[in-house]
Structure formats: C-alpha cells, structure tokens
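Shown next, in structure tokens, is the structure this report addresses.
No value in this document is a laboratory result; all are computed from the given coordinates. The structure displayed is predicted, hence computed values, not measured ones. Counting neighbours? That spans all protein chains shown, and the Cβs are built from the backbone with ideal geometry, glycine included.
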C-alpha cells in the first residue's frame, strides 16, 4: 500500500505530499493522525528552511473521507475521537516555527481547505476549487479549523464562507487574503517555490521568532506569556545573524550568508 503522506527534502525546501490521488487526496483518520509528526520531522531538519504542502495528482485535498466519517458517526465516542484527532492536527501545525506554504490546485475542500488555511501562506491556482461545503452534508467544520479561518480572513469573510458553504469564488479568495498568491494553473508549484525562496532570503532565526511572536499574539490574553514576546525579540537582537546583517547594511555590502 502506498504511503498516504510522503515527506521529501529538496535542498532547503521540505515537501509534505498528500498521496491518495485515487480519491483526490481525501483525508482519512490515519492521515490526520500522522500529519503532525510528519511535518514536525521536516521542521526538525536544520537544513530545511520552508515546508511546502501539496497533493499528488493535481488536487490539494478533497476534504474528509466521507465513507470513513459515516463509520465514526455511529457512536458518540467515535465521533469525538475523530474530532479530537483533527483538532490536534491543527494545534500541532500551529506550533511549527518554519514557514508552511500550501500549494493549492484542484480541489481544496472541507478538511483540505482547512489544512491549507492552517498554513502561513497559500499559493492558489486560478482554477482551484476551494470551499467548506460540510454544512451541505449536515456537518460543521471542526472548531480549530473555524478558529484558524477567522484568524486568516476575519470574521465577516469566514462567516460568509462557512455559512453559505458555497465554493468560494476566486475573486473572494484574493480579496479576503486567503490566497497569498494567485497563479496560473501550470505555474502554481513554480510560484510556491519562488515564494519560499523569497522567505529564505531572510535570516532563519528572525523568521522563526516572527512566527513565534505571531502565535503568541493569537493566544488569548489570559494565556499569553509576555516573556515569550520579549525573549523572542531579544534572541534576534543578541544573535550573530543581526550583528552580521546590521554591519553589512552599514558597510553597504551583502551579508556573508542568510542560509
């Protein structure tokens, strides 16, 4: 049986590939369970700077495996196990401190759309089919999926996307900010790699600490740790990367290395 999640390292880019093309990369429980650890393994590689997520066969992810969902809907505790597993996946993705870029082409529906939303940035094909049509099946999106969508596009856009449960028009994906970059169908992966390369022009510690600060600000105020905010900035300011970058700026030269 083919591996449903394939991790590939190409230079400083890590690739997380969903590999169920026969069902347009619909997510089953095994994928939800394994995705956090698989991404974390890529993130723990010191040579990897950016992680890209994509689907094999031209579709990012066609949502949850509905046949499997019906099985888990037979008993309350099974339904809760499924929901908790999906929420843990989104929690784990939020803790990754290397940039996550979703390469969105073909179908990105339901859970697939929420996985893309849980990434930091999304490069979206102009022909992509994106939406959260779960209410049409009698389901709501899992709580952390909704939370991440609100954080990404704001309450008004999130409410429109979730309550209508329609396929989201391309112009709305762009206007809401859900699509970080729009690309022609044949250039989606190329544009995603280019975006990753732009990020890697910056110093890695600064990018890591920026993600940490963003995550901390999104934490509810009663749980937020001001120490994390202060120390994240101080770590950059006291580090060798800043000293070299600042000297290069003053001396009007290129920094020795940002890699």
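Reducing the range 28-60 and the range 185-259 to their Cα centroids gives an inter-centroid distance of 21 Å. Between residue 249 and residue 28, the FRET efficiency from the beta-carbon distance, with R0 = 51 Å, is close to 0.55.
Compared with the dominant Cα axis of the chain, that is its longest principal axis, helix 204-218 is turned about 50°.
Packing order of peptides 200-209, 166-175, highest average first: 200-209, 166-175 (average count of other Cβ atoms within 10 Å over each peptide's residues). Alpha carbon centre of the range 137-184 versus the range 64-119: separation in Å? Here the two parts' Cα centres lie 15 Å apart.
A protection proxy built from the mean count of other Cβ atoms within 10 Å ranks the segments 38-46, 59-67, most packed first, as 59-67, 38-46. If R0 is taken as 41 Å, the Cβ-Cβ distance between residue 3 and residue 171 corresponds to a FRET efficiency of 0.65.
Working note: 222 nm ellipticity from helices only, DSSP H runs with n ≥ 4, each -39,500 (n - 2.57), summed and divided by the residues of the chain, gives -15000 deg cm²/dmol to the nearest 500.
For the listed peptides 118-125, 215-222, 137-144, a ranking on the average number of other beta carbons within 10 Å per residue, highest first, reads 118-125, 137-144, 215-222. Helix 143-153 versus the longest principal axis of the chain: what angle, 0 to 90°, nearest 10, using Cα atoms? That helix lies at roughly 50 degrees to the long axis.
With the simple model of a label 7 Å out from the Cα in the direction of the Cβ, residue 229 to residue 216 spans 0.8 nm.
Summarising the strand pairing of the chain, around 25 percent of its internal DSSP beta bridges are antiparallel. Across 128, 183, 246, mean-square fluctuation computed from a Gaussian network of the chain (C-alpha pairs under 10 Å connected) peaks at 246.
Mean silhouette area of the range 204-250, derived from the convex hull of its C-alpha atoms and averaged over all directions, reads 3.3 nm².
Spin-label model, residue 68 to residue 126: label points 7 Å out along the Cα-to-beta-carbon direction sit 3.5 nm apart.
Against the chain, whose longest principal axis comes from its Cα atoms, helix 188-199 is set at around 30 degrees. Say we join alpha carbon atoms closer than 10 Å with springs in a Gaussian network model of the chain; which of 55, 111, 245 then has the biggest fluctuation? Of 55, 111, 245, the Gaussian network model singles out 245 as fluctuating most.
Which shape class applies to the range 120-259: rounded if a/c is under 1.5, otherwise prolate when a/b exceeds b/c and oblate if not, where a ≥ b ≥ c are the square roots of the Cα gyration tensor eigenvalues? Because a/c hits 1.5 or more and a/b fails to exceed b/c, the range 120-259 counts as oblate. Panel order for 247, 88, by other beta carbons found within 10 Å of each beta carbon, from fewest to most: 247, 88. Run the numbers on the range 5-199 and let me know its relative contact order in percent, using alpha-carbon pairs under 8 Å that are six or more apart. With pairs under 8 Å counted, the relative contact order is 19 percent.
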